[in-house]
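**Q** One structure, as structure tokens, below. Some questions next.
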Amino acid sequence: MSVTNLVRNLRDGELVIKDGTSPTPLALTVLLDEGDLSWTQRSRTIEIKDRGSIAAGHTRRGDEESVAISFTAKWTQLVGKSANAADPLQLYELLTFAAGTGAVSTSQAGEQQTLKFEFTVRDPANVAHEKITFAKVYREALTLREGDDGNVIAFTGRDFEAAPAVTRS
């Protein structure tokens, strides 16, 4: 078996969230994440039927859909930098663009606030790493809950693209 065919798993991934600050964005590596990042790329299809019959009909491409994305992570603190500029930026603060953090949207002024998510999957054999980039992620919901093993932030959002960019190095 070729070493590049080793199955990747949660131990090989790293999620970094970046804002739109130029030239050097604020960047936060998501620590204590559950390893459950998921995204869904949908393809809409319009079915044209002939009086309800598929046999005589055809299909057409439908509207593009943005990518649904979600992940969960344990948290140690919700606020840091927004409470004290000397403290480190916390995940909750970046995801909510908390005042005092200096976080800037990756979208244009007047648009929904977005962030860039970069998910790197490292090759265990160190041969072929992949980076999946979601350039304009906006938050739909944050669910915060307590738990036995740790308190959790569950992020649900969308990437305003039809598909993320996937590169290999």
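The values are calculated or read from the model by the stated rules, or taken from the named source; none is laboratory data. The model shown is predicted, which means the values in this text are computed figures rather than measured ones. Quick reminder, even Gly has a Cβ in these numbers, built from the backbone with ideal geometry, and neighbours come from all protein chains shown.
**Q** Starting from residues that are at pLDDT 95 or above and among the charged types (D, E, K, R), keep the ones in the range 112-137 and report whichever is farthest from residue 5 (Cα to Cα).
**A** Once the filter is applied, the top-ranked residue is 136.
Table: residues versus (1) within 28 Å of the chain's Cα centre (by Cα); (2) within 19 Å of residue 151 (Cβ to Cβ).
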position	(1), (2)
42	yes, no
47	no, no
53	no, no
59	no, no
63	yes, no
70	yes, yes
76	yes, yes
80	yes, yes
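**Q** If the Cβ limit is 7 Å and pairs must be 6+ apart or interchain, which residue in the range 37-61 that is outside any strand (DSSP E or B) pairs with which residue that is of a type outside the set (D, E, K, R)?
**A** Every condition considered, the pairs that remain are 37/13; 37/15; 37/71; 37/119; 41/67; 41/163.
**Q** Follow-up. Any chance the range 104-116 includes a residue that's outside any loop (DSSP other than H, G, I, E, B), under 22 Å from residue 42 (Cβ atoms) and free of Cβ contacts under 8 Å to residues at least 24 places away in the same chain? Walk me through how you get there before you give the answer.
**A** Looking only at the range 104-116, we keep the residues that are outside any loop (DSSP other than H, G, I, E, B), and these are 115-116.
From what is left, the residues that are under 22 Å from residue 42 (Cβ atoms) are 115-116.
So of that shortlist, the ones also free of Cβ contacts under 8 Å to residues at least 24 places away in the same chain come out as none.
The answer is no; no qualifying residue exists.
**Q** Quick check, is residue 102 within 28 Å of residue 87 (Cβ to Cβ) and over 18 Å from the mean Cα position of the chain (by Cα)?
**A** Details: within 28 Å of residue 87 (Cβ to Cβ): yes; over 18 Å from the mean Cα position of the chain (by Cα): yes.
Taking the combined requirement at face value, the residue satisfies it.
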